[in-house]
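**Q** Take this structure, written in structure tokens, and hold onto it; I'll ask about it next.
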Amino acid sequence: MKPQQPVSARRRTLLLAASAALAAPLAVHAQAADDIVIGGSIPMTGVFAFAGIGINAGIADYVKIVNDAGGIKGRKLRYVPEDTGYKVDASVAAFKKITSQNKVNLYYGDSTGFAKTINPELDRGGQIMMAGASFATELNDPAKYPNQFLVGPDYTEMFGILLKHIAKEKPGAKVAFVYSDSEFGRDPIEASEAMAKKLGLSVPVKLMTPPGSVDVSTEVIKLRRANPDYTIFHGYILAPIPEFVQQGKQMGMTSKWMGTFWTMDSSTVMKMGEAGDGFMGVMPYRYYYDTSAKSPMLDKIRQMRPEYQSTAYTQGFLTAMLFTEAAKRTLDAGKPLDGKNLKAALNTIKDFDTGGLIGVPITIKGNSIPVGRVYTADMKAQKMVPSSDWIKLD
């Protein structure tokens, strides 16, 4: 008799499992109807994977924090990402797949190309508000991109923050612009030259190179001839910046060297080695290890993830925070969660505390958050240290 007991117990388990499986679709469906869905075209592989992996973790962690605290007005957040390999066609396919299988209210896009390509679809559908990895100046236009926003300053505003810092530190300084021959690279150049002049700075040289080029000796000679006080790089991640800095220093240049967001992650700058000591740049967020002021949200991140998290992680985390705040405000107003209402709610954000991720309260008037701080690389400490107060643009 004894051997039969496990069989009947097993049968009972199988029957329970079968009935649970039959009931599951109904339960899942009932729950899913209430979920607030964040879709994501996330580059987990390909050239931008270093950022995509961080972004993905940042969004997922904030979603967990919200859900562990009971969700938004009792509704859970659900994050549905797809890998895009940082290709626009794959990103569009991911968007179509995610939106066909879920009622999506919020979406994270992986690139400027995708943001521009999918914009007519966002306008037509009217159900989704989107943010993403792009800080393209073109997207900072509420008339053309009414359902999108940038989680920080646009590229022209990043230059503006750097130029304001330069004008304060060395009035009348000479500033060189070095940028890649790409849409990303060319984006802020023209407007920033005009802004430099307005601030009483001169731009004696602008140099454009192929993205990721390594042989820059000819350009370095031109740069040395112009003898700038500051050189701002844009449109690159790393190469050819270390080559410029190394060769410039060998030729006796005394320029200060600067970068914009996608160059300024701590791990990227540290790869410059000795040449990177003193490298400066603009960052809209506090670094993971920055304990110079109270930051309860960074404390929470450090508890969840005791190892260094990139600035891409912070960008994903903050995006999810602002998505959540827009959804909460829309629901509080008793309005449906569609693109127009979510964006209108986002634009009511005034003097908002990000828990210290950004060091000053933020206000979102249009499509960007025009605030940032200048940090400098300290190679001995292996850290980026603040060199300015938080700079807000009007």
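The values are calculated or read from the model by the stated rules, or taken from the named source; none is laboratory data. Everything numeric in this text was worked out from a predicted model, so none of it was measured. When we count neighbours, we look across all protein chains shown, and the Cβ atoms used for this are built from the backbone with ideal geometry, even at glycine. Surface areas here come from the heavy atoms of the whole protein model, side chains and all, with no ligands, DNA or RNA. Shrake-Rupley method; radii C 1.70, N 1.55, O 1.52, S 1.80 Å.
**Q** Residue 199: accessible area at probe 1.4 Å, nearest 10 Å²?
**A** 60
**Q** Divide, for the chain, the radius of gyration over alpha carbons by 2.2 N^0.38 Å, where N is the residue count.
**A** That ratio works out to 1.12.
**Q** Pick out which of 291, 311, 354 has the largest mean-square fluctuation in a Gaussian network model of the chain, springs linking Cα atoms closer than 10 Å.
**A** Fluctuation is largest for 291.
**Q** Also, quick follow-up: To the nearest 20 debye, what is the magnitude of the charge dipole of segment 41-140 about its Cα centre, counting +1 on the Cβ of each Lys and Arg and -1 on the Cβ of each Asp and Glu?
**A** 440
**Q** Please list the non-local residues whose amide H lies under 5 Å from the amide H of residue 259, H modeled 1.01 Å from N, same-chain partners needing a gap of 5 or more.
**A** Sorted by chain and number, the residues that satisfy this are 233, 280, 281, 282.
**Q** Could you list, in their original order, any pairs among 206/350; 164/271; 87/197; 168/380; 97/300 whose Cα atoms are separated by more than 29 Å?
**A** 206/350; 87/197; 97/300, as the Cα separations exceed 29 Å there.
**Q** Over the chain, average the accessible area per residue using a 1.4 Å probe and give it in Å², no decimals.
**A** 44
**Q** Moving on to the next point. List, in order, the whole-Hz ³J(HN,Hα) value for each residue of segment 379-394 obtained from phi through the Karplus relation with A = 6.51, B = -1.76, C = 1.60 and θ = phi - 60°; use x for Gly and Pro.
**A** 5, 5, 7, 6, 9, 9, 10, x, 10, 8, 6, 6, 10, 9, 9, 6
**Q** Report, by chain and number, residues whose modeled amide H sits under 5 Å from the one on residue 39, excluding near sequence neighbours (fewer than 5 apart, same chain).
**A** 80, 105, 106, 107, 108
**Q** Who wins for biggest fluctuation among 328, 343, 97 in a Gaussian network model of the chain, springs between alpha carbons below 10 Å?
**A** Ranking 328, 343, 97 by mean-square fluctuation puts 97 first.
**Q** Let me ask another. Which value in Å is the Kirkwood Rh of segment 253-354 over different Cα pairs?
**A** 16.2
**Q** Would you pull out the residues with amide H under 5 Å of residue 207's amide H, same chain only if 5 or more places away, H placed 1.01 Å from N?
**A** The list, which skips near neighbours in sequence, is 177, 178, 179.
**Q** How much mean residue ellipticity at 222 nm does the chain get from its helices, if each DSSP H run of length 4 or more adds -39500 (n - 2.57) and you divide by all residues, to the nearest 500 deg cm²/dmol?
**A** Counting only the DSSP helices, I get -13500 deg cm²/dmol.
**Q** Whole-Hz ³J(HN,Hα) for each residue in segment 117-131, computed from phi via Karplus 6.51 cos²θ - 1.76 cosθ + 1.60 with θ = phi - 60°, x for glycine and proline: what do you get?
**A** Running phi through 6.51 cos²θ - 1.76 cosθ + 1.60 with θ = phi - 60° gives 5, 8, 4, x, 5, 4, 5, 5, x, x, 9, 10, 9, 10, 9 Hz.
**Q** Another one. Which whole-number percent is the relative contact order of segment 52-115 (Cα, under 8 Å, 6+ apart)?
**A** After rounding, I find 25 percent.
**Q** In whole percent, how big is the carbon plus sulfur part of the accessible area of segment 80-131, probe 1.4 Å, protein atoms only?
**A** Accessible surface attributable to carbon and sulfur in segment 80-131 totals 52 percent.
**Q** As an exercise, find the ratio Rg/Rh for segment 198-259 from alpha-carbon atoms, using the Kirkwood inverse-distance average for Rh.
**A** In segment 198-259, Rg relative to Rh is 0.94.
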